[in-house]
1. Give segment B:318-339 a look and list any residue that's more than 13 Å from B:Arg255 (Cβ to Cβ) and open to solvent by 30 Å² or more (accessible area, probe 1.4 Å), or say none.
2. So, in segment B:150-168, how many residues would count as being more than 8 Å from every other protein chain (Cβ to nearest Cβ), open to solvent by 10 Å² or more (accessible area, probe 1.4 Å) and either in contact with a Leu (Cβ under 9 Å, 6 or more places away or on another chain) or of a type outside the set (Val, Ile, Thr) (or both)?
3. In this structure, is B:Ala191 within 13 Å of chain A (Cβ to nearest Cβ) and out of contact with any strand residue (DSSP E or B) (no Cβ under 9 Å at 6 or more places or on another chain)?
4. Please find, among A:Ser121, A:Ser135, A:Ser186, the residue that is among the polar types (S, T, N, Q), within 14 Å of chain B (Cβ to nearest Cβ) and either closer than 30 Å to B:His145 by Cα or outside any helix (DSSP H, G or I) (or both).
5. Taking B:Ser151 as the residue in question, decide whether it is more than 18 Å from B:Gln118 (Cβ to Cβ) and not in a loop (DSSP other than H, G, I, E, B).
6. Are any residues in segment B:297-316 hydrophobic (A, V, I, L, M, F, W, C) and open to solvent by less than 30 Å² (accessible area, probe 1.4 Å), and if so, which ones?
7. Would you confirm, using the coordinates I've provided, whether A:Leu236 is surrounded by 21 or more Cβ atoms within 10 Å (Cβ to Cβ) and under 21 Å from B:Pro175 (Cβ atoms)?
8. Being more than 12 Å from chain B (Cβ to nearest Cβ), at pLDDT 85 or above and either open to solvent by 50 Å² or more (accessible area, probe 1.4 Å) or over 25 Å from the mean Cα position of the chain (by Cα) (or both) is the requirement here; does A:Tyr195 meet it?
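The values are calculated or read from the model by the stated rules, or taken from the named source; none is laboratory data. Model, not experiment: these values are computed from the prediction. So basically every Cβ, Gly included, is an ideal-geometry build from the backbone, and we count neighbours across all protein chains shown. Accessible surface is based on the protein model in full, side chains and every heavy atom, while ligands, DNA and RNA are left aside. Shrake-Rupley method; radii C 1.70, N 1.55, O 1.52, S 1.80 Å.
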Amino acid sequence: MSTTTIAAAPAAPKVETPFQRFVSEFAASRIALFGLVLFLAIVAIAVLAPFIAPQNPYDLAQLDIMDGRLEPGTVGAGGFTYWLGTDDQGRDMLSGIMYGLRISLMVGAGSAIIACLVGASLGMLAAYAGGRTDSLIMRLVDLQLSFPAILAALMILAFLGKGILNVVFALVIVEWAYYARTVRGSALVERRREYIEAAQCLALPTRRIIFRHLLPNCLPPLIVVGTMQVARAIALEATLSFLGLGVPITEPSLGLLIANGYEYMLSGKYWISFYPGIALLVTIVSINLVGDQLRDVLNPRLKR
Amino acid sequence: MSATLVAPPAAETLAEPIIELRGVSKRFSKTLDFAGRLAKRLGANLREEVVHAVDGVDLTIRKGEVVGLVGESGCGKSTLGRMVAGIMPPSDGTILWRGRDLRSLNAAEARNAKLRTQMIFQDPYASLNPRLKVQEIVGEAPLFHGMAKRSEIGTYVDEQLRRAGLDPSLKARYPHQFSGGQRQRIGIARALAVQPEFLVCDEAVAALDVSIQAQILNLFMKLRRELDLTYLFISHDLGVVEHLSDRVVIMYLGRVVEEAPAEEVFRHPNHPYTKALLAEVPRIEARKRAFAGVKGEIPSPLNPPSGCHFHPRCPFAFDRCRVERPALKQVGPGHRSACHLNDAA
């Protein structure tokens with residue numbers, strides 16, 4: 001062996017980073033792409049609501065109580081067309097939905113992100129520390145998961161009272177366990193792999209091993225759970241608001257809008273509940289479409 | 001130095017020990033959880049299970065030596081390798097690094113000892129972090145430990161890759177873009193990057209094609225000459241070990257059963273287990289004979305046989321073997337074996 005073996009370059013002509021591969025695999029499904037576009041449009045509407053909504057439903061000066069409960073398409077007293085009708089306060093439903101989406105998405109995404117941070121840290125700690133710490137955290141998770149989420153959230157909100165922050169807090173409490181369990185599961189698998197031993201052998205500090213080597217390899221299942229949990233949090237918040245324990249009446253979310261129209265359903269004034277319901281449905285379906293495809297792409301066991 | 005390398009018995013008297021194991025054991029115990037303890041109290045037939053993966057091993061490896069560690073799967077050779085590499089602490093016994101107890105070293109010395117011993121892993125697909133580029137995999141540790149400056153890390157990584165036989169222009173790629181042999185070279189470059197003097201190779205070629213195996217083994221020997229490396233070469237394949245090693249250690253169920261210079265092991269095996277292993281190595285002159293193999297399965301380390309662990313499978317076992325654990329005794333120059341038959345003769 002006198003000459004140095006220089007290993008030849010692999011035959012692959014184009015160099016594809018894992019991220020590029022991920023993008024092309026994700027885009028392979030038309031329906032997931034449609035879900036993503038829909039979701040981005042909904043986010044854009046929510047973010048831009050103050051600029052594109054025909055009316056500010058929070059500004060009492062713009063409301064006219066005489067326009068209450070008008071049918072979709074009616075022209076109101078001020079020469080203003082209510083394309084989706086009005087509620088009993090005379091608020092334009094279209095504007096109400098745009099502003100409601102803001103609250104719903106904020107609560108859903110905010111609680112999902114905080115729950116993810118809390119749950120992922122605890123799950124990672126459980127997997128890496130093992131022993132008593134692991135048992136303690138995982139029994140807490142079991143306890144949490146044994147309660148129906150809606151029941152636990154109702155109890156917390158009954159105790160804390162209404163308010164957006166309280167709803168976020170309640171949703172974090174009922175959701176962190178999913179993240180903790182997911183992260184612990186994948187971290188237990190990953191930490192036995194040889195690249196973790198190699199990092200230990202290279203005398204890298206534990207913190208660096210956890211955050212640079214272990215955590216990035218546990219992310220894919222976390223992203224999937226996270227997407228699904230955003231949709232779940234939005235639905236849960238809508239349920240809580242519908243039951244009258246969620247956001248306050250001054251900051252209506254989609255759930256509260258549905259609840260407002262509920263009493264008029266049987267008197268033929270369907271639009272007050274119906275259109276916010278459709279908006280909620282479309283939002284959750286679009287997130288789930290994206291989440292399903294993410295799960296398929298990121299889960300190696302589903303790959304052919 | 002090269003003279004001592006080709007004459008292992010001389011090396012044993014000359015070179016200083018780089019690592020010494022004294023009575024090192026590793027136990028893995030599965031303790032009962034709360035439900036298990038409750039069930040036990042209520043009369044269930046449960047107990048805490050303890051596996052003696054490594055049981056009282058003494059081993060000295062001298063500077064410049066290549067020691068082959070051989071045994072069937074599950075005999076504790078990988079666990080021993082991980083303790084030597086400092087990834088796993090021993091349950092019992094002491095490990096001396098250049099004559100000093102690893103536990104008595106301060107943080108900086110312990111880190112240095114750990115870096116000086118590097119490990120090459122079996123599975124080239126699991127041993128590289130899939131989310132890092134090759135340059136990050138190889139360059140992370142030297143950068144972190146200050147062996148190379150940030151401005152020079154590019155050329156430093158290039159040098160390690162070239163040494164391991166890889167084209168440095170591939171360093172911006174991810175591990176999944178390489179073949180098994182190339183990945184193993186990346187693992188070798190990663191180990192070389194922290195300037196080790198001792199490499200623990202845990203079945204480092206077992207997952208590779210035979211032609212690639214030879215290339216990687218040749219690379220190991222080239223690096224040994226260039227960098228004056230010492231090796232602990234763990235393998236289940238006697239054929240691989242025969243060509244590389246100065247000295248061979250045979251393990252069975254957590255214990256060392258025989259230890260001798262490589263030629264001696266193959267010419268005059270002493271322990272019945274070694275003889276049985278050698279009988280399984282395919283040789284051209286013996287191609288017509290039928291392979292008998294070692295009788296039976298390796299016993300469960302959860303419940304090892306009493307006395308000599310090998311007695312249930314040994315054709316020469318007698319009463320003493322069933323009760324008394326044989327000690328490693330000198331049977332020739334540099335040749336030790338743990339078998340009661342040596343006392344009877």
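1. B:Phe318, B:Asp319, B:Arg320, B:Arg322, B:Val323, B:Glu324, B:Lys329, B:Gln330, B:Val331, B:Pro333
2. Total meeting the criteria: 10.
3. Considered against the rule, which asks whether it is within 13 Å of chain A (Cβ to nearest Cβ) and out of contact with any strand residue (DSSP E or B) (no Cβ under 9 Å at 6 or more places or on another chain), B:Ala191 comes out as no.
4. Result: A:Ser186 is the single residue among A:Ser121, A:Ser135, A:Ser186 that is among the polar types (S, T, N, Q), within 14 Å of chain B (Cβ to nearest Cβ) and either closer than 30 Å to B:His145 by Cα or outside any helix (DSSP H, G or I) (or both).
5. For B:Ser151, the condition - more than 18 Å from B:Gln118 (Cβ to Cβ) and not in a loop (DSSP other than H, G, I, E, B) - is not met.
6. B:Cys308, B:Phe310, B:Cys314
7. no
8. no
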